[in-house]
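Novice: Quick one: structure below, then a few questions.
The values are calculated or read from the model by the stated rules, or taken from the named source; none is laboratory data. This structure is a prediction, so every number in the text was calculated from the model and none was measured. Cβ sites come from the backbone with ideal geometry, for glycine too, and all protein chains shown count toward neighbours. Heavy atoms of the whole protein, side chains included, go into the accessibility calculation; ligands, DNA and RNA do not. Shrake-Rupley method; radii C 1.70, N 1.55, O 1.52, S 1.80 Å.
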Amino acid sequence: MQSTVISSARRRAVLLGVMCLALAVVVGMLASLLVAVPDMAHDLGASEAELQWIMNAYGVAFAGLLLTGGALGDRYGRRAVLLTGLALFGVASAAVVAVDDVSAIIALRAAAGVGAALVMPMTLAVITHAFPPEERGRAVGVWSGISFGSALLGVLVAGGLLEGYSWRSVFAVNAGLAVAALLASAVVTPASRNPDPAPLDVVGSLLSVAGVGALVFGIVEGPERGWGDVTVLGGLGVGAASLVAFVRWELGRERPLLDPRVFRLRGVSAGSLVITAETLAMFGFFFLLLQHLQQILDYSPLRAGLALVPMALAAIVVSPVAPPVAERYGMRAVVCGGMATIGAGLGLMAVFAEDTGFWPVLVSTALLGAGIAFAATPATDAIVAVREAERVGVRPAGQAVQLAQFPVRRRHALGREQRVVAQVLD
């Protein structure tokens with residue numbers, strides 16, 4: 001990999017702030033619509049399925065093209081891909097302000113999701129290449145905290161906007177933030193790329209998008225059409241078949257878009273599972289809690305957003321602390337402790353679900369935010385460390401895994417990168 005480590009601590013701090021802003025813009029959009037959807041339904045006269053696609057078109061394009069976005073950055077330059085993604089996201093978000101047709105809005109949401117898929121992996125790649133090894137874990141921790149905290153802040157901002165303006169203001173503000181992130185990124189982001197990029201995997205990219213898109217289609221349409229409907233079953237079947245085909249295709253490539261064998265490493269498979277579970281829990285919690293607060297307890301959109309602020313603050317505060325704690329006590333202990341804290345937060349909310357006062361909501365959301373940060377930050381660091389494992393000559397498939405066999409009692413003598421890699425390979 002091309003070395004782009006920035007020598008100045010001040011420049012690194014500014015770069016981290018700008019990358020976090022770009023990340024917050026694209027992640028915040030995922031959550032902000034959870035508050036705006038009731039107003040959109042009333043104004044546009046959209047059906048339940050159409051509303052689901054207004055929300056999910058963004059997520060499908062985002063998730064399905066993340067791997068492709070990372071590959072494009074390696075090939076064409078991380079700075080160029082980041083700026084392109086922010087521009088596409090901003091234009092698509094701004095266009096929604098002037099559109100009334102539901103189908104057009106869904107298409108624009110998908111276009112914004114494509115832009116987000118270019119932005120998110122580039123922010124992490126820029127950070128990991130700009131920071132020296134001894135600071136990289138803390139920087140990734142800040143990035144991880146922002147990735148969760150910004151979703152909550154997106155809910156809060158959307159709630160405040162809806163107090164005085166229409167749902168279109170949410171898209172206008174996101175477009176403005178994208179422009180700010182674009183201008184700042186153009187100034188501070190160093191140019192970097194992989195000097196030996198893999199060929200673009202068009203087939204793999206298409207299969208990943210088809211798999212995610214078809215599965216989401218089946219899940220969204222199931223409640224509307226019925227789970228036994230031929231169209232729903234067909235969507236689920238096509239999604240499953242496409243993902244199986246994706247795995248088989250990637251296994252046959254010399255330089256795959258994603259090597260499925262990397263999940264043989266327990267640290268990577270566990271880290272991916274943890275992040276997936278946390279994301280599902282967090283957005284499911286958002287969806288149910290916001291409806292409960294607004295529809296049952298008659299909270300205003302702003303007050304409902306304020307109820308989630310402790311979650312954002314806890315995630316942002318705890319995330320930078322999690323990597324050194326994981327180094328000291330072990331990744332397994334910290335991740336398990338984080339998942340237990342998430343369970344405690346959800347359990348507290350379940351106990352008070354019948355008559356939720358404001359304080360139980362604040363405590364449970366704070367526990368959820370802290371748990372997510374403690375579990376997700378080491379998990380993200382573990383996945384990032386796979387690149388370091390490849391750099392020091394350790395194959396993901398598990399050939400002669402020397403660092404994993406290094407005695408645990410003597411790992412304090414290793415450098416930070418090597419310790420993280422050793423934990424990942426365990």
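Novice: Please work out how much length the chain gains when fully extended from L233 to A104, using 0.36 nm per residue of separation minus the C-alpha to C-alpha distance, in nm with one decimal.
Specialist: Gain on extension, L233 to A104, equals 43.8 nm.
Novice: Roughly speaking, to the nearest percent, how much of region 114-195's 1.4 Å accessible area is carbon and sulfur?
Specialist: 70 percent
Novice: Add +1 for every Lys or Arg and -1 for every Asp or Glu among the other residues with Cβ under 14 Å from the Cβ of M122, and state the total.
Specialist: It works out to a net charge of +3.
Novice: Right, another one. Sort out for me the Cα centre separation of region 34-54 from region 164-234, rounded to whole Å.
Specialist: Each part's Cα centre sits 19 Å from the other's.
Novice: Once the other residues with Cβ under 14 Å from the Cβ of I105 are scored (Lys, Arg +1; Asp, Glu -1), what is the net sum? Provide the component values of the computation, followed by the final result.
Specialist: Values: positive: R109, R168; negative: D39, D43, E50, D100, D101.
Summing Lys and Arg as +1 and Asp and Glu as -1 gives -3.
Novice: How large is the charge dipole for region 201-258, taken about the Cα centre, if only the Cβ atoms of Lys, Arg (+1) and Asp, Glu (-1) carry charge, to the nearest 20 debye?
Specialist: So the dipole magnitude of region 201-258 works out to roughly 160 debye.
Novice: While we're looking at this one, here's another question. Cα convex hull of region 1-190: how many Å³ per residue?
Specialist: Dividing the Cα hull volume of region 1-190 by its residue count gives 103 Å³.
Novice: Tell me the carbon and sulfur percent of the accessible area for region 201-258, rounded to whole percent, probe radius 1.4 Å.
Specialist: 70 percent
Novice: Using +1 on the beta carbon of Lys and Arg, -1 on that of Asp and Glu, and nothing else charged, what's the dipole of region 1-190 about the Cα centre, debye to 20? Write down the numbers at each step before the final one.
Specialist: On the way: 10 positive and 10 negative charges, 202 e Å.
The calculated dipole for region 1-190 is roughly 980 debye.
Novice: If we count every other residue with Cβ under 13 angstrom of L72's Cβ, Lys/Arg +1 and Asp/Glu -1, where does the sum land?
Specialist: Counting the neighbours of L72, the net charge comes to +2.
Novice: Starting at 0 and stepping by 10 Å, how many percent of the alpha carbon pairs of region 153-275 end up in each bin?
Specialist: Binned Cα distances yield the sequence 11, 19, 25, 33, 12, 1.
Novice: Rounded to a whole number of µm²/s, how large is the Stokes-Einstein D of region 43-96 at 20 °C and 1.002 mPa s, given Rh as the Kirkwood radius over C-alpha pairs?
Specialist: 166 µm²/s
Novice: Here's something else I'd like to know. Could you work out the relative contact order of region 1-190? I mean the mean sequence separation of Cα pairs under 8 Å and 6+ apart, divided by the number of residues, in percent. Walk me through the numbers before you get to the answer.
Specialist: Working: 268 pairs, mean separation 75.2, N = 190.
It rounds to 40 percent for region 1-190.
Novice: S300 to E254: FRET efficiency via 1/(1 + (r/R0)^6), r the Cβ-Cβ distance, R0 51 Å, to the nearest 0.05?
Specialist: It comes to 0.35.
Novice: Karplus couplings for region 290-301 from phi (6.51 cos²θ - 1.76 cosθ + 1.60, θ = phi - 60°), rounded to Hz, Gly and Pro as x?
Specialist: Rounded to whole hertz, the list is 4, 5, 4, 5, 7, 8, 9, 8, 6, 6, 6, x.
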